[in-house]
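Structure first, commentary second.
The values are calculated or read from the model by the stated rules, or taken from the named source; none is laboratory data. In this text the structure is predicted, and so the values were computed from the model without any measurement. A quick note on method: Cβ atoms are made from the backbone with ideal geometry, for glycine too, and the neighbour counts reach across all protein chains shown.
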Amino acid sequence: MIWQNPHISVEELNKLGAGTIAEVLDIKFIDVGPNYIKASMPVDARTKQPYGLLHGGASCVLAETLGSVASVLVVDQERQICVGLEINANHIRGVRSGLVIATATPLHLGASTHVWDIKIHDEREKLVCVSRLTVAILKKPGS
C-alpha cells in the first residue's frame, strides 16, 4: 500500500472535488486500490469538442486530477503540497458518449517528484488516452 492513509475511501476522495473543475466536469472517484486510484468522467457537452468527440483537454483534466490527488495521498499533508509540473497525453481513440474511466498508477515516487501513468478507457475497455503526469512535491508554506 502506497497511501499514507490505508483506509482512504472513495467518498472522502470525492469530497476533494467540491468547488473545483472536477465538480464542473463531474469527475467521480470510483475505486482505490493498494497502488492505484480510478475515476470516471462523462462524455457530454461539458467535455466534448466541436466535432462531438471527447476533448483532449478534458482528458488532461481527468488525468491531472487523478495524478495530483494520488500524490496528495502519498505525501505528509501536514508538511507537503503537490503541484503539477508537466503533463503529456496521447489521444488514441475518439469517444462520443458515455463515460471514460481513468486509472492512475505510480511510475516514480521520489522525495521531490512523483510520476504517474494514467490510462483512460471507454466503457468497452478500449484505450482512449495514455497520459504521464509529473508532480512536484513542495514544502507546505509555514512548515
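When the stretch 107-126 is limited to residues that are of a type in the set (A, V, I, L, M) and under 16 Å from the mean Cα position of the chain (by Cα), the one that is surrounded by the fewest Cβ atoms within 10 Å (Cβ to Cβ) turns out to be Leu107.
If you go through the stretch 66-81 and keep only what is closer than 20 Å to Gly142 by Cβ and of a type in the set (A, V, I, L, M, F, W, C), you end up with Val72, Val75, Ile81.
In the stretch 40-60, of all residues being loosely packed, with under 14 Cβ neighbours inside 10 Å and touching a helix residue (DSSP H, G or I) at 6+ places or on another chain (Cβ under 9 Å), the one that is farthest from Ala104 (Cα to Cα) corresponds to Gln49. Just one of the numbered conditions (1) more than 25 Å from Lys139 (Cβ to Cβ); (2) over 10 Å from the mean Cα position of the chain (by Cα); (3) part of a helix (DSSP H, G or I) is not true of Leu62: (2). Here is the figure for the stretch 75-106: residues that are crowded, with 18+ Cβ neighbours inside 10 Å and either outside any strand (DSSP E or B) or modelled with pLDDT under 95 (or both) total 2. Consider the stretch 127-143 and keep the residues that are modelled with pLDDT of 95 or more and small (Gly, Ala, Ser). The one that is surrounded by the fewest Cβ atoms within 10 Å (Cβ to Cβ) is Ala136.
Taking the stretch 1-44, which residues are touching an Asp or Glu at 6+ places or on another chain (Cβ under 6 Å) and touching a residue at least 60 places away in the same chain (Cβ under 8 Å)? Matches in the stretch 1-44: Lys38 only. Residues in the stretch 7-39 that are crowded, with 16+ Cβ neighbours inside 10 Å and farther than 17 Å from Ala104 by Cα: Leu25 alone.
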